[in-house]
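Here's the structure, in structure tokens; my notes come after.
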Amino acid sequence: MPEVVLFDLDGTLANTAPDLALALDAVRAPGSPPLDRERVRRATAVGTTALLREGLGIEPNAPDYEAVRAAFLGHYQRLIGTATELIPGMAEVLAALNEQGLPWGIVTNKPAHLASRVLSALGLTGHARCLVGGDTLARCKPDPDPLLHACALLRVAPDRCLYVGDDEGDIVAAHRAGMPALAVAFGYATPGEAERWGAEGLLMAPADLLAWVR
């Protein structure tokens, strides 16, 4: 039984893609057709760079990339909570972890201040024992440093944690940190994709996690 459960945020704990899609639409040229929401969902699992590539066709080496990125994140900050919601069934899982006295935290590539706003919108402020964002350290997932930092904050060895994520980079980061990981098939990847990531297990629904922590 793990001593701590760590979650990715976007697509694992919460469905944040609708608000991100709205922010992308706000940055795009007036009159542009709405973005394909399914493609935005898939890009959400990877992070801001993938979202800007999908929504605006812009790469990090573009001269105006930072200005576009700032505009996008500004719109997103304003829109957080418009349509974001917990993954169905996740509220019950978090309640069960709390009832068992099993600490849980979040390690995400989303900037920490935005992740904090998401938690506030979901009514989870103060419930997560740690929040490590994509800008908390110099490197983010799939580098193991964010997960190792979470372990240091919670004073627990990596092999006594369990990481839950919906992207291959989540599984890679966990294994590089010496941490077992579970891939979710209810997030922004297909079950077939998630099966190929080499995680210790596959969660078809949030409630499946409880069998791993008993």
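The values are calculated or read from the model by the stated rules, or taken from the named source; none is laboratory data. Model, not experiment: these values are computed from the prediction. Cβ sites come from the backbone with ideal geometry, for glycine too, and all protein chains shown count toward neighbours.
Residue pairs whose Cβ atoms lie under 8 Å apart, sitting 6 or more positions apart in sequence or on different chains, and linking a residue in region 84-111 that is at pLDDT 95 or above to a partner that is hydroxyl-bearing (Ser, Thr, Tyr), are THR84/THR16; ILE87/THR12; VAL107/TYR163. Here ARG176 does not fit the description of being at positive phi and of a type in the set (Lys, Arg).
In the set PRO144, PRO111, only one residue is under 27 Å from ALA23 (Cα atoms) and either touching a Leu at 6+ places or on another chain (Cβ under 7 Å) or surrounded by 14 or more Cβ atoms within 10 Å (Cβ to Cβ) (or both); that residue is PRO111. Looking only at region 20-49, residues that are closer than 24 Å to ALA185 by Cα and either of a type in the set (Val, Ile, Thr) or buried (at least 16 other Cβ atoms within 10 Å of the Cβ) (or both) come to 13 in all. With respect to the conditions (1) touching a helix residue (DSSP H, G or I) at 6+ places or on another chain (Cβ under 7 Å); (2) surrounded by fewer than 18 Cβ atoms within 10 Å (Cβ to Cβ), ARG214 lacks only one, and its number is (1). Filtering region 174-208 down to residues that are touching a residue at least 60 places away in the same chain (Cβ under 8 Å) and within 15 Å of ALA45 (Cβ to Cβ), which residue is surrounded by the most Cβ atoms within 10 Å (Cβ to Cβ)? The selected residue is VAL184. Taking the conditions (1) of a type outside the set (Lys, Arg); (2) in contact (Cβ under 8 Å) with a residue 40 or more places away in the chain; (3) in a helix (DSSP H, G or I) in turn, LEU119 satisfies each one other than (2). The sole residue among ASP159, ASP170 that is part of a helix (DSSP H, G or I), among the charged types (D, E, K, R) and within 15 Å of the chain's Cα centre (by Cα) is ASP170.
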